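Comments concern the structure below.
Every read-out reported here was derived from the displayed coordinates using simple, explicitly stated rules and does not represent laboratory data. What you see is a predicted model, and the numbers here were worked out from it, not measured in a lab. Quick reminder, even Gly has a Cβ in these numbers, built from the backbone with ideal geometry, and neighbours come from all protein chains shown.
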């Protein structure tokens, strides 16, 4: 129980940090329209989709994290016309977040997709996980691999980074960070799943991918 | 699109992973070595001082190994508290000197320096392995760290990297997860991906370039 409280505290600390700068170098031009923002919002998962046991965290969804610029794709030549982020869903030792972005054209969405594919995406995922390290409690990546999905949407991809985290009590825990991406026409949605000790099941992630694909294809 | 750092939900991701590592993070005991490390404000102050007094930032020219040791063992710019952001803001020519974690020992130092010279000569790694881990430049550290941004190991290569932990004296690239760890991680990626180094060879390099000092301060692993 104590651990759960501590988890919540740290989660709150992590997401309550200052919002990221949208005008950061390499960021796409933002020209959000009402219609495309609605389109992005319509693709977001809700609690009922996830099934039982999930709760919506009450934390702010803004935050700040550092991914080395070299690992961040340059999208400054692209225009984003809509965007939406879902809430943070949690259950013991697992959490899910989602965001969707709509680009000005299908070609731009395809370009953005191509630029984020490995190695950049996985390198960035690795950096994010390893950035959780503390001085005497390192977190280091042990493996990464591609998650397999049926061709549910125009573009589907998934990656998992596995890391080992060490405690001062000499125990080790395994951390899993999964990223699922689906793209259709001008829209691209990203699902981020993190888990401690055991990864998300393939069936659960396939189900989420099917749901997202259906929502994307509807839009 | 993937939610990169500037995107709120990617920011959440760290929170998510933090959930996973929270159990670990809260149990962290601040290493005793941190007590002798410079604070970041001290580091900031050290940079211009180092630049202004270039002669004082280097051991005496032509100094004996003992004299180099005597000089370096009193230096404190090789702090494990240096962040990546601080590294970026430091002058490239600045030297990071001294031990990062515990006091330097002459017996170890006098073995390390010739061994590193031999290793670099035999392997042609002078551009990747420091000749003196207690006296290296910010530029050199940046070069090694930058490999992390561009090299994605395959799973077979990743296995070599993580297996090297087992063979390393500190059971890790460095005795604590600091800027040196990240530099040696990048270095290992380069050596594994481009030079086909084995886990034993990586561990050998890590052991040779240990800059933690000679005290007993394991990484808690």
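Here are a few things to note about the model shown:
- Peptide A:184-191, shielding by other chains (average Cβ, 10 Å cutoff): 2
- Summary of the geometry: region A:164-208 and region A:109-150, compared by the centres of their Cα atoms, lie 10 Å apart.
- Burial ranking of peptide ranges A:145-156, B:144-155 (average Cβ count within 10 Å, highest at the top): B:144-155, A:145-156
- Average beta carbon contacts from partner chains per residue of A:137-147, 10 Å cutoff: 6
- Take the Cα of residue B:159, step 7 Å toward its Cβ, do the same at residue A:111, and the gap between the two points is 4.1 nm.
- Averaged over the residues of peptide A:117-128, the number of Cβ atoms from other protein chains lying within 10 Å of each residue's Cβ is 4.
- For region B:154-214, the orientation-averaged shadow of the C-alpha convex hull comes to 3.6 nm² (one quarter of the hull surface).
- Scoring A:115-127, A:97-109 by mean Cβ neighbours within 10 Å over their residues and listing the highest first yields A:97-109, A:115-127.
- Largest to smallest principal axis extent of the C-alpha atoms in region B:63-208, angstrom: 44, 33, 25
- At R0 = 60 Å, FRET efficiency that the Cβ-Cβ distance of residue B:123 and residue A:76 yields, to 0.05: 0.90
- Taken along the Cα-to-beta-carbon direction at a fixed 7 Å, the label points for residue B:65 and residue A:52 span 7.0 nm.
- Sorted peptide list for A:204-211, A:38-45, criterion being average Cβ within 10 angstrom, highest first: A:38-45, A:204-211
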